[in-house]
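Asker: Just passing along the structure, written as C-alpha cells.
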C-alpha cells in the first residue's frame, strides 16, 4: 500500500485545460474524495493517476516512485469504474479471478483468494452467476471484490455509487467507509455528490474548471469555505446568498442589500471591495418574535420530519431559506421576523467570488 | 378480437406467399437437377422428376477438367468448387482479420482521421467494372492475372469496407471502460484484445465472415475479368452454360447450382448461434 502524490498535473484538450496544475499529497491510508460538478476535471485526474490518460504536464508519484510514464498495468492500482465494468462474458468468479490470472497466480491460490474476498464483501453465493443477472448492489460488491483481490497499492473509485438507487447508495457509503477502515488502504474517490464527499472523506478536494479550489476535512470545508463556489456546493439546502455592497456606517463597516442592512463589528477600512455577496447557511437563519432583524412573509414550507425548510420573502431577489424545528408553529402567509447568527456570516468578493473578511 | 385474428391471418398469408416466391427458384433448381434431359423443358411443367436421376451430379462431379467431346461440352465442377472455396475463404479470412483490426484502431485511437471509414467506402461507390479494367492492366504487368493471389487480393480490397463498417458496429458496442478496467488490472494491450474485445465481438466476427464469404463466393464480374483457365470459380463455370451452342444443359447447370449453394447453407447452420446474436447488433446492451 502506498500514498499518492500529484505535482502540477495538467491535461489539455486542444486549447482548453480539463485539469490545470493539480498538486496534491495523499498520505498512505487516507480516504480522499475528489468532488466537483460534472466536467470539473476530477475523472480526468483519476484517469491520469491510473495511467489511462497521459498528462500534458506534471507528474504522478505512487509510494514515492514517479509513475507518470508507466503503463496502467505497471502501477498496481485498483480501480472501480462508474459503469463497474464487469466483464459480461465471464462468471462472477472469473471476473474476480481476472487480475490474479493475468499475473499467472497458481489456480489453487486463485480459488482461495477469490473465495476469501467473496466472503468479505458477501458475494460468495453469486460466484457462479453472470454479471447481467446481478442486482445493482450485488454488481457493486463484485466490482469491489475484483479490486480488493489484487491487493492494490491504492484504490481509485470513479463515482461507483452513481448507478444505485438512493437508499442503496446510503448503505454502500457506510459499507465503503467500513471497508476502508478494515483495509487501511489509500482511497481516492471521485464524486459529484457533496453528501458522499462529506460522509466518507478524511479529506475533501473540491475542484472546479480543472483547478483545485480547496482541500480540507469535511467540516472545515463546510464551515470555512474559501470562495463562493465551495460555499454553495456543500450543504442541503444550500447556503443563502445575498448580493449587495459594503459601505461605511459611522466609522464601522456595513453590508447593504435590498431589504437587509448589517452593521459589522469591524472598522470601515477593513474591506476595499465594494460589491460583495453575503453567505449564510439555512441553519444560521433564526425566526424570532418581537423586535430586531427583518420582516418577511413565509412563502413555502417543506416539512422533512426532522426539520422544516422555510422560504422567507423579505424583499430581496430570491427567498431566504431557513431550517427550523418541526414543532415550530408556522404557516404559509405568516409575517415573521428573522435574523442571522452574526458570527456565522460569510462574505465573498462580488467579482472574484473569493472569500473576504475571514 | 375477431379483427386482430384477421390481421394476423392476412399478415401470415402475405409472409407465406413471399416465402414461396423466394423459395420457388431454389425448388426449381433442385427439381431440375434430378431430371433427365427430356424433362428439363416440358409443358406442362413437371413439379417432380418422373424418373429421378443422379446423372447430372455424376457428370459434373466426375474428376477431371472441362472437355469437349463430339462437339459437346462436359463441365466439371470439382476444380471450380475448390477454386471458389479457396479464394472466398482465404479472402474472407484475411479481410475479416485486417478489417476488424482497422475498425478497432479507428474506433479506439482514431487512426486515419475522422473520415477514414468514409474514404474506405469510396471503393464501393463505383460500379465494379470501373475497378475491374484498371486491375486487369495492373495484373498483366504484375503477373497476377489468372492466379489465386490476384483474385484473393482484389476480393480483400472490395470486402474491406464491408468488414470495417460491420465490425465498427460491434466494437463500438464494447464499452471502453471494460478495456480500461482490464488494463488497470494488469492486462497488456494484447491481453485486452484476446480476453475482453475478442470474446465480446466473436459473434460479429462470425457474422461478418459469413457475409463477406457469400459476397465473394457469388462474385462474377471481377473473376470473369481477372481469371482465365488456371483459376475458374463457380459463378464463372455456371455462366459458361449460357453460351454453349449445342443447346442448353439445364440439368448439369442446376446440379452445379445446388452444389454451389450447399457450402453456404452448411456454413450458415454451423454458425447459426452466432448469426442470431451477430445480426441483432447490440448484444451487450442491458
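The values are calculated or read from the model by the stated rules, or taken from the named source; none is laboratory data. If you're wondering where the values come from, they're calculated on a predicted model, not measured in any experiment. Cβ atoms come from the backbone with ideal geometry, glycine included; neighbour counts cover every protein chain shown.
Asker: Need pairs with beta-carbon distance below 8 Å; first residue closer than 17 Å to residue B:215 by Cβ and within the stretch B:134-159, second surrounded by fewer than 16 Cβ atoms within 10 Å (Cβ to Cβ); sequence gap 6+ or separate chains.
Answerer: Pairs that qualify, where the first residue is closer than 17 Å to residue B:215 by Cβ and the partner is surrounded by fewer than 16 Cβ atoms within 10 Å (Cβ to Cβ), are B:156/B:98; B:157/B:123; B:158/B:123; B:158/B:124.
Asker: Quick one: residue B:154 ticks every box in (1) within 14 Å of chain A (Cβ to nearest Cβ); (2) buried (at least 21 other Cβ atoms within 10 Å of the Cβ); (3) assigned to a helix (DSSP H, G or I) bar one, so which box is it?
Answerer: (1)
Asker: Continuing with the same structure: Here is a check on your reading of the model: is residue A:17 away from chain B (no Cβ under 14 Å), touching a residue at least 60 places away in the same chain (Cβ under 8 Å) and more than 23 Å from residue A:217 (Cβ to Cβ)?
Answerer: Answer is yes for this residue.
Asker: Let me confirm something: among B:81, B:85, B:102, which residue is buried (at least 20 other Cβ atoms within 10 Å of the Cβ) and either at pLDDT below 90 or over 26 Å from residue B:176 (Cα atoms) (or both)?
Answerer: B:81
Asker: Taking only the stretch A:64-75 into account, find how many residues are in contact with a strand residue (DSSP E or B) (Cβ under 8 Å, 6 or more places away or on another chain) and within 8 Å of chain B (Cβ to nearest Cβ).
Answerer: Qualifying residue count, the stretch A:64-75: 1.
Asker: List pairs: first residue in the stretch B:51-78 and over 18 Å from residue B:236 (Cα atoms), second residue at pLDDT below 60 anywhere in the structure, Cβ distance under 8 angstrom, at least six positions apart or on different chains.
Answerer: B:71/B:246; B:72/B:246
Asker: Go through the stretch A:51-63 and count every residue that is free of Cβ contacts under 8 Å to residues at least 60 places away in the same chain and either more than 10 Å from chain B (Cβ to nearest Cβ) or more than 25 Å from residue A:1 (Cβ to Cβ) (or both).
Answerer: Qualifying residue count for the region: 8.
Asker: Quick one: which of A:328, A:269, A:302, A:283 is in a helix (DSSP H, G or I) and either touching a strand residue (DSSP E or B) at 6+ places or on another chain (Cβ under 7 Å) or surrounded by 12 or more Cβ atoms within 10 Å (Cβ to Cβ) (or both)?
Answerer: Exactly one of A:328, A:269, A:302, A:283 is in a helix (DSSP H, G or I) and either touching a strand residue (DSSP E or B) at 6+ places or on another chain (Cβ under 7 Å) or surrounded by 12 or more Cβ atoms within 10 Å (Cβ to Cβ) (or both), namely A:283.
Asker: Another question, then. Which ones in the stretch B:183-219 are assigned to a helix (DSSP H, G or I), crowded, with 19+ Cβ neighbours inside 10 Å and facing chain A (nearest Cβ under 7 Å)?
Answerer: B:183, B:184, B:196, B:200
Asker: Moving on to the next point. Tally up the residues in the stretch B:167-182 that are closer than 20 Å to residue A:102 by Cα and at the interface with chain A (Cβ under 9 Å from one of its Cβ atoms), please.
Answerer: Qualifying residue count, the stretch B:167-182: 6.
Asker: Now, a different point. Mind telling me which of the residues B:159, B:141 ends up being in the same structural domain as residue B:89 (by TED's automatic domain parsing) and under 20 Å from the mean Cα position of the chain (by Cα)?
Answerer: One residue alone meets the criteria, B:159.
Asker: Evaluate the following for residue A:254: is it assigned to a strand (DSSP E or B), over 18 Å from residue A:339 (Cα atoms) and not assigned by TED's automatic domain parsing to the domain that holds residue A:213?
Answerer: For residue A:254, the condition - assigned to a strand (DSSP E or B), over 18 Å from residue A:339 (Cα atoms) and not assigned by TED's automatic domain parsing to the domain that holds residue A:213 - is not met.
Asker: While we're on this one: Only residues that are surrounded by fewer than 19 Cβ atoms within 10 Å (Cβ to Cβ) and more than 7 Å from every other protein chain (Cβ to nearest Cβ): list them for the stretch A:83-93, please.
Answerer: A:90, A:91
Asker: Would a scan of the stretch A:140-152 turn up a residue that is within 30 Å of residue A:58 (Cβ to Cβ), assigned by TED's automatic domain parsing to the domain that holds residue A:11 and surrounded by fewer than 16 Cβ atoms within 10 Å (Cβ to Cβ)?
Answerer: Yes, there is a match, as at least one residue in the stretch A:140-152 is within 30 Å of residue A:58 (Cβ to Cβ), assigned by TED's automatic domain parsing to the domain that holds residue A:11 and surrounded by fewer than 16 Cβ atoms within 10 Å (Cβ to Cβ).
Asker: Of B:268, B:257, B:282, B:251, which residue is more than 22 Å from residue B:62 (Cβ to Cβ) and either surrounded by 10 or more Cβ atoms within 10 Å (Cβ to Cβ) or at pLDDT 85 or above (or both)?
Answerer: B:268
Asker: Ok, one more. Restricted to the stretch A:129-164, and to residues that are assigned to a loop (DSSP other than H, G, I, E, B) and touching a helix residue (DSSP H, G or I) at 6+ places or on another chain (Cβ under 7 Å), which residue is farthest from residue A:193 (Cα to Cα)?
Answerer: A:129
Asker: Give the residue, chosen from A:338, A:347, that is more than 27 Å from the chain's Cα centre (by Cα) and assigned to a strand (DSSP E or B).
Answerer: Answer to the selection: A:338.
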